[in-house]
Amino acid sequence: MVLGAGIVGVSVALQLRRRGLDVILVDRQAPGEGTSFGNGGLIQREAVYPHPFPRALSELSRIARNRSIDAVYHTGALPALVSPLLQYWRNSSPERYARAVQSHAQLITTCLDEHLALAREADALALLRPIGYMRLFGNAAKLEAAIADAEVGRREFGVNFATLDTAALAAAEPSLLVEKAGAIHWTDPLSVSDPHGLTVAYAKLFTKLGGVIATGDASTLARCPGGWLVLTADGTMQAASAVVALGAASPVVTRLLGYAPPMFGKRGYHMHYGLRGNAVLNRPVLDGDSGFLLAPMRHGVRLTTGAEFARPDAAQTPVQLERAEPVARTLLPLAERVDGMPWMGVRPCTPDMVPIIGRAPGQDGLWFCFGHAHQGLTLGPSSGRLIAEMMAGDTPFVDPTPYRPERFAKAAARAS
Ligand SMILES: Cc1cc2nc3c(=O)[nH]c(=O)nc-3n(C[C@H](O)[C@H](O)[C@H](O)COP(=O)(O)OP(=O)(O)OC[C@H]3O[C@@H](n4cnc5c(N)ncnc54)[C@H](O)[C@@H]3O)c2cc1C
């Protein structure tokens, strides 16, 4: 039984079913309607370096002013965030961060192959565009520094990129309205034209292979003789094993079972726009100066925003979108908004920047697969493969040690 039908849960269910297990996938909504619905659509082979907590004073004070586009916070959310963010800050020290990079990178390096294998089987290859994406820089010194970092990524992790100067960028994206110093074109990533559509396609493959999808509330998860049960619209469902893959909502359910990892959400918004006249956007562009993405998608040009720290139950406050939109309009000839209101999702983050994948501590037959933060779309099929191999008793294709849930078990014990 897999709880949660986002890109992670659907991938877990599919990878288990492909290995011949009987699987039921439970969500309170249809597949792909949580955060997996509206992300930036990048399958980020280049993202071997997870997002660290900023440590430079200038950067911290910029964010503390709470007026930036890339990161904002609700002051009311801060008390509950102090502890996880302090851990996040500590884990972003050069030494610990280097460990996080290794753990993150070993899953990331498999993301393209794992997606392509599923998409081929799901007849969804047309959704995956091999166009990479570009990070734009207005400042030549920052571009030079980013190129130096990219060279390290190429050397250490085989990440591929091309650099573009002002003229090459203008030629590659002729509708750009401003002259930038240049860009880094990450050439490996796949750009998904409809991330929701991709999750739905994987879910359809799952049912085609004999998997079952049910509507139910994961917080009804309870032990029963021989395994676990959950209440669904079709009655009580039972299984020998259960996997919690509920994204940002995972701790709500695991806490009931005594496991309270110090997770936090980074909310993000999107809005779609048309393009005026004959304007085009050939590939996603990330504005490196302001920190938002513009991606050509099935429903228009999707603008996605950076991180908002808020209480889980707080109402939407799309201030980053309001700040980003005027800047985006100086970059591209955007037409009117397409959507009636902004969409919002929550990136499920752990303080050590590594997802939680493996056996639940002290709970027979319970497994976890969540905490994929900024890269859940990228990592869904890889994480799904890893946990499916562990559950099926096969040799895991990567060392699962860095993801083990036990690393937060002390925090869980303190909190319960
Ligand atoms: C603005 C933005 C841009 C992003 N861009 C990218 C990108 O370009 N590339 C990338 O790799 N990642 C990106 N991400 C991150 C990525 O979207 C997430 O990491 C990923 O969607 C998490 O997937 P998930 O399956 O873990 O969670 P979700 O998609 O949120 O799925 C969780 C599921 O659990 C269900 N659920 C919750 N509670 C219950 C309950 N009690 N009972 C039953 N069901 C329940 C929900 O209905 C939902 O379907 C972005 C995120 C945001 C917000």
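Tell me which residues, restricted to segment 337-374, are away from the ligand (no atom under 15 Å from the Cβ), open to solvent by 40 Å² or more (accessible area, probe 1.4 Å) and among the charged types (D, E, K, R).
Selection gives Arg337, Arg359, Asp364.
For segment 26-66, name all the residues that are more than 10 Å from the ligand (Cβ to nearest atom) and either in contact (Cβ under 8 Å) with a residue 12 or more places away in the chain or in contact with a helix residue (DSSP H, G or I) (Cβ under 7 Å, 6 or more places away or on another chain) (or both).
Hits for segment 26-66 are Arg45, Glu46, Val48, Tyr49, Pro50, His51, Pro52, Phe53, Pro54, Arg55.
Here are some residues: Pro130, Pro195. Which one is surrounded by fewer than 16 Cβ atoms within 10 Å (Cβ to Cβ) and of a type outside the set (A, V, I, L, M, F, W, C)?
After applying the criteria, what remains is Pro130.
Condition test on Ala5, is it touching a strand residue (DSSP E or B) at 6+ places or on another chain (Cβ under 7 Å), outside any loop (DSSP other than H, G, I, E, B) and within 13 Å of the ligand (Cβ to nearest atom)?
The answer is no for Ala5.
Restricting attention to segment 269-279, which residues are outside any loop (DSSP other than H, G, I, E, B) and open to solvent by 10 Å² or more (accessible area, probe 1.4 Å)?
Here is the first cut: in segment 269-279, the ones outside any loop (DSSP other than H, G, I, E, B) are 269-275.
Gly274, Leu275 - these are the residues of segment 269-279 that are outside any loop (DSSP other than H, G, I, E, B) and open to solvent by 10 Å² or more (accessible area, probe 1.4 Å).
Residue-by-condition table, conditions (1) assigned to a strand (DSSP E or B); (2) within 15 Å of the ligand (Cβ to nearest atom):
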{"site": "Val200", "(1), (2)": "no, yes"}
{"site": "Lys204", "(1), (2)": "no, no"}
{"site": "Ala248", "(1), (2)": "no, yes"}
{"site": "Leu281", "(1), (2)": "no, no"}
{"site": "Leu293", "(1), (2)": "yes, yes"}
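Out of segment 254-268, which residues are of a type in the set (A, V, I, L, M, F, W, C) and open to solvent by less than 20 Å² (accessible area, probe 1.4 Å)?
Within segment 254-268, Ala260, Phe264 meet the criteria.
Working only within segment 216-243, note down all residues that are in contact with a Leu (Cβ under 8 Å, 6 or more places away or on another chain), over 15 Å from Pro31 (Cα atoms) and either in a loop (DSSP other than H, G, I, E, B) or within 11 Å of the ligand (Cβ to nearest atom) (or both).
Ser219, Thr220, Leu221, Val230, Ser241
Conditions (1) within 13 Å of Val243 (Cβ to Cβ); (2) among the basic types (Lys, Arg); (3) in a strand (DSSP E or B), marked per residue:
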position: Asp339; (1), (2), (3): no, no, no
position: Gly345; (1), (2), (3): no, no, yes
position: Gln363; (1), (2), (3): yes, no, no
position: Ser383; (1), (2), (3): yes, no, no
position: Leu386; (1), (2), (3): yes, no, no
position: Met390; (1), (2), (3): yes, no, no
position: Pro396; (1), (2), (3): no, no, no
position: Pro402; (1), (2), (3): no, no, no
position: Phe408; (1), (2), (3): no, no, no
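Hey, can you tell me all the residues within segment 307-336 that are within 16 Å of the ligand (Cβ to nearest atom) and either in contact (Cβ under 8 Å) with a residue 60 or more places away in the chain or touching a helix residue (DSSP H, G or I) at 6+ places or on another chain (Cβ under 6 Å) (or both)?
Ala307, Glu308, Phe309, Ala310, Pro312, Ala314, Thr317, Val319, Gln320, Arg323, Ala324
Restricted to segment 210-235, and to residues that are within 27 Å of the chain's Cα centre (by Cα) and open to solvent by 60 Å² or more (accessible area, probe 1.4 Å), which residue is nearest to Asp22 (Cα to Cα)?
Checked segment 210-235; the qualifying residue nearest to Asp22 (Cα to Cα) is Val212.
Determine which single condition Met237 fails, assuming it passes every other condition in (1) within 30 Å of Ile147 (Cβ to Cβ); (2) modelled with pLDDT of 95 or more.
(1)
Could you list, in sequence order, all residues of segment 58-93 that are open to solvent by less than 20 Å² (accessible area, probe 1.4 Å), part of a helix (DSSP H, G or I) and not hydrophobic (A, V, I, L, M, F, W, C)?
Within segment 58-93, Pro84, Tyr88 meet the criteria.
Checking the conditions here, which among Arg17, Arg45, Arg55 is modelled with pLDDT under 95 and either in a loop (DSSP other than H, G, I, E, B) or crowded, with 22+ Cβ neighbours inside 10 Å (or both)?
Only one candidate qualifies: Arg55.
Just checking, which of Pro251, Pro284 is open to solvent by less than 20 Å² (accessible area, probe 1.4 Å) and under 30 Å from Phe408 (Cα atoms)?
Every option except Pro251 fails the conditions.
The values are calculated or read from the model by the stated rules, or taken from the named source; none is laboratory data. Being a predicted model, the structure only gives us computed values, none of them experimental. Positions of Cβ are backbone-derived with ideal geometry, glycine not excepted, and every protein chain shown enters the neighbour counts. Keep in mind that these areas ignore ligands, DNA and RNA; they rest on the heavy atoms of the full protein, side chains included. Shrake-Rupley method; radii C 1.70, N 1.55, O 1.52, S 1.80 Å.
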